[in-house]
Amino acid sequence: MDWLPAHVLPKWLLLVGVIAALNGVQNTLRPVFSHKVYASREGVRQATPLAARLFGLWNVTSAMVRVYAAYHMNERGAYILCLGTFVIACYHFVSEMLFFGTLATAAGSISPILVASSSIVAMVSQYSYYVGK
């Protein structure tokens, strides 16, 4: 398996990048999946088909950055951009849940917050190892 990155963090970025790409394609082709994530506390669908496709394209874009970073962990720019994708995702999901009420507290809504926040912690703590000072 020579194509896999050598360390745990790059492997994680590759994994979440591939998952984001698949989720992006899925949301672009079948907006019904966004309806499961973006349902208000009252169960009302919040995502229009347009919003689902935009969300899908964001996922594909962030997937490209994450996969690139998985293979270029020593490049400061790639590392920071990848970290930024998780910060944006975490901010988006937390704000939609806590402030706008468009996310119910459910597995489909909590899992992206957990992935983003744990990835932020891992990337911040490993920055000096991969990028240096």
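The values are calculated or read from the model by the stated rules, or taken from the named source; none is laboratory data. The structure presented is a predicted model; accordingly, all values stated were derived computationally and were not measured. With ideal geometry, Cβ positions are generated from the backbone for all residues, glycine too; neighbour counts draw on all protein chains shown. When the accessible area is computed, the model is the full protein with side chains, heavy atoms only, and any ligands, DNA or RNA have been set aside. Shrake-Rupley method; radii C 1.70, N 1.55, O 1.52, S 1.80 Å.
Quick one: count up the residues across region 96-116 that are of a type in the set (S, T, N, Q) and in a helix (DSSP H, G or I).
Qualifying residue count, region 96-116: 2.
If we keep just the residues of region 101-119 that are among the β-branched types (Val, Ile, Thr) and open to solvent by 40 Å² or more (accessible area, probe 1.4 Å), which is nearest to Tyr71 (Cα to Cα)?
Among those that are among the β-branched types (Val, Ile, Thr) and open to solvent by 40 Å² or more (accessible area, probe 1.4 Å), it is Val115.
I'd like to check which helices (runs of 4 or more DSSP H) are fully inside region 5-74 and have at least 2 residues that are under 16 Å from Ala116 (Cβ atoms), modelled with pLDDT of 90 or more and of a type outside the set (Phe, Trp, Tyr). Before you say what the answer is, go through the steps one by one.
Values: elements: 8-29, 32-37, 49-71.
The qualifying helices (runs of 4 or more DSSP H) are 8-29, 49-71.
Looking at Ala21, Ala78, Ala51 in this structure, which one is of a type in the set (A, V, I, L, M) and either in contact (Cβ under 8 Å) with a residue 40 or more places away in the chain or open to solvent by 70 Å² or more (accessible area, probe 1.4 Å) (or both)?
Going through Ala21, Ala78, Ala51 in turn, the sole match is Ala21.
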